[in-house]
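Okay, so here's the structure we're looking at.
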Amino acid sequence: MSRVYNFSAGPAVLPEEVLKEAAEEMLDYQGSGMSVMEMSHRSKVYDNIIKTAEADLRELMDIPDNYKVLFLQGGASQQFAMVPMNLMKNKKAAYIVTGQWAKKAFQEAQAYGEAVKVASSEDKTFSYIPDCSDLDIPEDADYVYICENNTIYGTKYKTLPNTKGHTLVADVSSCFLSEPVDVSKYGIIYGGVQKNIGPAGVVIAIIREDLITEDTLPGTPTMLKYKTHADAESLYNTPPAYGIYICGKVFQWLKKMGGLNAMKERNEEKAKILYDFLDGSSMFQGTVRKEDRSLMNVPFVTGDKELDAKFVKEAEAAGFVNLKGHRTVGGMRASIYNAMPKEGVEKLVAFMKKFEEEN
Ligand SMILES: *Cc1c(COP(=O)(O)O)cnc(C)c1O
């Protein structure tokens with residue numbers, strides 16, 4: 001067996017310990033005589049898996065009691081529609097557009113009401129987070145929407161926008177559980193788990209209870225109402241059962257690692273190794289404004305497309321895979337999520353140094 005250092009933006013690296021445990025339990029989960037993939041989601045065994053996963057997530061994020069935790073499907077992209085369908089009572093919402101995912105959410109919302117772009121960083125290819133301290137937010141906006149960590153461009157909000165009393169909705173797909181958050185500042189925190197938590201197919205939405213109502217836009221399908229899933233504790237229909245089980249294992253791993261404060265420290269340390277190298281390099285440069293740099297996704301370029309391609313190819317041959325930048329931006333991107341060991345980043349930097357000397 002030979003494992004690579006996987007810098008994919010998602011689906012992405014998972015803790016090896018978790019994968020090994022899942023392998024051990026594959027044929028017989030804790031004496032049940034079957035795999036978690038084969039069991040009823042209504043069984044006692046499975047109920048314990050999903051309840052424990054939720055309890056561990058609540059503990060990790062210190063989620064207040066007046067928030068529901070939902071395990072959903074449809075990818076983060078489905079939330080682009082679910083958010084307005086469930087929240088746009090006044091048919092108006094404010095969007096801050098800081099990358100492709102925020103833009104897609106903004107465009108999707110236009111099908112359900114008036115989506116107002118209150119700030120954007122598109123003028124400089126999304127390489128920064130705009131000043132959100134005093135935005136012109138419509139009085140009657142139902143919510144303010146952000147994508148908190150921009151997976152493709154590698155920027156992250158270091159302070160949340162001043163929503164002027166409006167509900168904040170955040171897509172945290174690529175920074176989920178990377179550091180502590182104050183859940184009470186948000187109305188909804190959601191993310192696809194395939195970036196920083198688990199396998200593709202699960203979306204976790206943490207929603208303040210007063211936002212979960214019957215009063216959704218006309219025609220909202222049963223499956224797209226938060227209330228449907230909240231009332232049934234994520235078991236309205238068959239949930240992505242195996243994926244939730246793996247997420248649960250990652251939550252346990254995170255607790256063992258010391259929780260989100262410890263992860264933040266680890267992630268800062270890892271990111272610093274890479275950013276410090278980029279800042280000192282005469283060949284490689286980071287592409288975003290320094291104060292907005294993401295701890296999770298680190299895009300960089302050489303400034304020469306052919307050299308970029310050569311780097312990606314040679315890195316792959318050396319066991320550092322998925323370093324090619326997103327197709328819309330080119331260059332390189334190293335995603336260094338929770339499960340990427342520090343050693344992986346150190347070895348990548350050593351490889352980059354060597355490449356720089358040789359080219
Ligand atoms: C990957 C990603 C998405 C899209 O996720 P899907 O699960 O593929 O729909 C949305 N938002 C962010 C921030 C992402 O990183």
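The values are calculated or read from the model by the stated rules, or taken from the named source; none is laboratory data. Nothing here was measured: the structure is a model prediction, and the numbers come from that model. Virtual Cβ from ideal backbone geometry, glycine too; neighbours counted across all protein chains shown. What goes into the accessible areas is simple: the full protein's heavy atoms, side chains included, and nothing from ligands, DNA or RNA. Shrake-Rupley method; radii C 1.70, N 1.55, O 1.52, S 1.80 Å.
Here is how the numbers come out for the structure above:
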item	result
Filter result for Glu209 (within 16 Å of the ligand (Cβ to nearest atom) and either over 19 Å from Ala76 (Cα atoms) or free of Cβ contacts under 8 Å to residues at least 12 places away in the same chain (or both))	no
Subset of the stretch 279-299 [crowded, with 20+ Cβ neighbours inside 10 Å and among the hydrophobic types (A, V, I, L, M, F, W, C)]	Phe284, Val288, Leu295, Met296, Val298
Among the candidates Tyr46, Tyr128, Tyr95, residue that is at pLDDT 95 or above, of a type in the set (Ser, Thr, Tyr) and assigned to a strand (DSSP E or B)	Tyr95
Single match in Ala232, Ala205, Ala241 (criterion: under 27 Å from Lys158 (Cα atoms) and of a type in the set (A, V, I, L, M, F, W, C))	Ala205
Residue list for the stretch 300-359, restricted to those being on the phi > 0 side of the Ramachandran plot, surrounded by 15 or more Cβ atoms within 10 Å (Cβ to Cβ) and among the small types (Gly, Ala, Ser)	Gly319, Gly330, Gly331
Test: residue in the stretch 3-19 that is within 16 Å of the ligand (Cβ to nearest atom), open to solvent by 70 Å² or more (accessible area, probe 1.4 Å), more than 21 Å from Tyr145 (Cβ to Cβ) and touching a residue at least 12 places away in the same chain (Cβ under 8 Å)	yes
First in the stretch 38-60 and touching a residue at least 24 places away in the same chain (Cβ under 8 Å) and farther than 15 Å from Pro240 by Cα, second anywhere and part of a helix (DSSP H, G or I) and aromatic (Phe, Trp, Tyr), Cβ under 7 Å, 6 or more apart	Asp56/Phe251; Leu57/Phe251; Leu60/Phe251
Of all residues in the stretch 98-125 being touching a residue at least 40 places away in the same chain (Cβ under 8 Å) and assigned to a helix (DSSP H, G or I), the one that is farthest from Ala76 (Cα to Cα)	Gln100
Qualifying residue in the stretch 69-76 (condition: in a helix (DSSP H, G or I), under 30 Å from Asp140 (Cα atoms), in contact (Cβ under 8 Å) with a residue 12 or more places away in the chain and within 16 Å of the ligand (Cβ to nearest atom))	yes
Those residues of the stretch 32-72 which are aromatic (Phe, Trp, Tyr) and more than 25 Å from Thr213 (Cα to Cα), in sequence order	Tyr46
Filter pass, Ile197 being touching a residue at least 40 places away in the same chain (Cβ under 8 Å), under 22 Å from Lys103 (Cα atoms) and within 16 Å of the ligand (Cβ to nearest atom)	no
Selection status of Ile49, within 16 Å of the ligand (Cβ to nearest atom), buried (at least 19 other Cβ atoms within 10 Å of the Cβ) and among the aliphatic types (A, V, I, L, M)	no
Scan of the stretch 225-251 for residues that are among the aromatic types (Phe, Trp, Tyr) and either open to solvent by 30 Å² or more (accessible area, probe 1.4 Å) or under 19 Å from Tyr67 (Cα atoms) (or both), ordered by number	Tyr226, Tyr236, Tyr242, Phe251
Lone unmet requirement of (1) under 29 Å from Glu108 (Cβ atoms); (2) within 16 Å of the ligand (Cβ to nearest atom) for Glu54	(2)
When residues of the stretch 92-114 are limited to those that are away from the ligand (no atom under 16 Å from the Cβ) and surrounded by fewer than 23 Cβ atoms within 10 Å (Cβ to Cβ), the one nearest to Lys164 (Cα to Cα)	Lys92
Residue selected from the stretch 138-153 under the condition in contact with a helix residue (DSSP H, G or I) (Cβ under 9 Å, 6 or more places away or on another chain) and within 11 Å of the ligand (Cβ to nearest atom), by the criterion farthest from Val13 (Cα to Cα)	Ile146
